[in-house]
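Below is one structure; the comments refer to it alone.
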Amino acid sequence: MRFTFFNDFLALVFPQTCAICRCSLFDFEELICRPCLVQLPMTSHHKRAEDNDLAKKVMGLSQVTRVMAFLRFAKKGVSQKLLHQLKYRNRPEMGRFLGKLYGQELVRNGYKGTWDSVLAIPLHPAKEKRRGYNQSLMFAEGLSDALGLPVQDQLVRTKFTTTQTNKSRWERIANVENVFSLVSDVDVRNKKLLLVDDVMTTGATLAAAANVLLATGATQVDLAVIAAGK
Ligand SMILES: [Zn+2]
């Protein structure tokens, strides 16, 4: 009772605000207000997950089966705002929340039971230490909750890649080769896996990790990201 009062008091002094429009949130809202939530720039990738613009981009690099992004990325757009909070404003809960939202959408579209587990692209340990968490793993945890899937935190980054920003498509692809490996005692053989990351640009990073999983014996690897551009 006392805590409830204290929380109400805190909410009065420091109201929780919407991560997009900054309006004060109602008690029943979480991180994003209702009006902003219904306007999220969702893609329809999951409706044609084997044949969409994103899938075409990655399928030349890896034999993944389905590829989908929750949100359409646009510079200075809503998705960039959310990703910025997730990555640079110490808000791991944003990753879980977006994962949960997308997971619920996937369940509504018949995806429950599609995968055996979900894996996240790992950050380099030094980078993860600086940030305090791996934003992609947070997204994986949200998906895991909504889809009822275990998270397999077993991919590791073996090499620190230099920034991808100023590289050409082929330079980026070469830059991430042999970057990932699996924790040795873990078995992905004959498993259907959902591999996730925060954003997809060329798809080179996700393809490199997917190739490790497929080479180890996974029967199917599908990809999901929080946001991707055209
Ligand atoms: Zn809002």
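Things to note:
- Extending 7 Å from Cα along the Cβ direction at Q80 and again at M59 yields two label points whose distance is 3.0 nm.
- Cα-centred dipole magnitude for region 41-228, charges only on beta-carbon of K, R (+1) and D, E (-1), debye, nearest 20: 740
- Placing D222, D27, D51 in order of accessible area, with the largest value first and a 1.4 Å probe, yields D27, D51, D222.
- Fraction of the pair-distance distribution of region 15-151 above 24 Å, Cα-Cα pairs, percent: 34
- For H124, solvent-accessible area (1.4 Å; no DNA, RNA or ligand), Å²: 50
- With an a/c value under 1.5 for the gyration tensor axes a ≥ b ≥ c computed over the alpha-carbon atoms, region 41-228 is described as rounded.
- Trypsin sites (Lys or Arg not before Pro) within region 27-83: DSSP coil, no more than 15 neighbouring Cβ in 10 Å: K75, K76
- Accessible surface comparison of E50, E128, probe 1.4 Å, protein chains only, largest first: the order is E50, E128.
- Spatial separation of Cα centroids for region 182-230 and region 36-83, in angstrom: 15
- Interchain or long-range residues, amide H under 5 Å from I20's placed H: C33
- DSSP beta bridge pairing in region 41-228, given as percent antiparallel to the nearest 5: 20
- Sorting S181, S117, S44 by solvent-accessible area of protein heavy atoms yields S44, S181, S117, largest first, with a 1.4 Å probe.
- At R0 = 30 Å, FRET efficiency that the Cβ-Cβ distance of L37 and A126 yields, to 0.05: 0.30
- Apolar share of the accessible surface for region 41-228: 49 percent from carbon plus sulfur atoms, 1.4 Å probe.
The values are calculated or read from the model by the stated rules, or taken from the named source; none is laboratory data. Given the structure is predicted, the values throughout are model-derived calculations rather than measurements. Here Cβ is always computed from backbone atoms with ideal geometry, including for glycine, and neighbour counts include all displayed protein chains. When the accessible area is computed, the model is the full protein with side chains, heavy atoms only, and any ligands, DNA or RNA have been set aside. Shrake-Rupley method; radii C 1.70, N 1.55, O 1.52, S 1.80 Å.
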